[in-house]
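For reference, the structure is listed below as structure tokens.
The numbers here are math on the coordinates, done by the rules we state, and not lab data. These numbers come from a predicted model, not from an experiment. Glycine also receives a Cβ, built like all others from the backbone with ideal geometry; neighbour counts cover every protein chain displayed.
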Amino acid sequence: MDDGLRRLVDVLLPGIDRFADLLTDRITEGEDAYGDHGHVTHDQLRTSCADNLHSMITQLGRDALALRVAHDTGRFKAEHGVPLSAVTHAYRVAGRFMRECILHEAGGHRHQGDAARRRRGLVGQ
């Protein structure tokens, strides 16, 4: 892994708990399958978000990817009856969220206003 990616990983890893909280909120706001009466509890979703974020961050810059966490998440959601459309929607939300986190932490946030970053929970914490 090159030095830039190593630094990015070192910056992102300590924020996983905060990122997992924010991502969980985004997913539950936009998807009924994860809401109060959904197929998966808030705590289960938050744990899944934290595990997947950790897996994604620690694999940045690697050629061979370990997919155990993603596989386990998919199996868990299937076993709990989460509709595939909800799973793919959450996946897209997580991808956009991860991109925002990386851009913010890497310094790409200069192109956004402070108010927009605060709404996303990416500054001031």
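Scalar couplings 3J(HN,Hα) for segment 98-103, obtained by applying the Karplus form with A = 6.51, B = -1.76, C = 1.60 to θ = phi - 60°, are 4, 4, 4, 4, 5, 4 Hz; x denotes Gly and Pro. As a calculated quantity, the FRET efficiency between Arg18 and Ala78 at R0 = 25 Å, using C-beta atoms, amounts to about 0.30. Approximating the spin labels as points 7 Å out from Cα along Cα→Cβ, the Arg7-to-Ser85 distance works out to 4.5 nm. The slack in the chain from Ala106 to Asp32, taken as 0.36 nm per residue of separation less the alpha-carbon distance, amounts to 23.4 nm.
Taken one residue at a time, the phi angles of segment 71-87 give Karplus couplings (6.51, -1.76, 1.60, θ = phi - 60°) of 4, 4, 5, x, 5, 4, 5, 5, 5, 9, x, 6, x, 4, 4, 5, 5 Hz. Gly and Pro are set to x.
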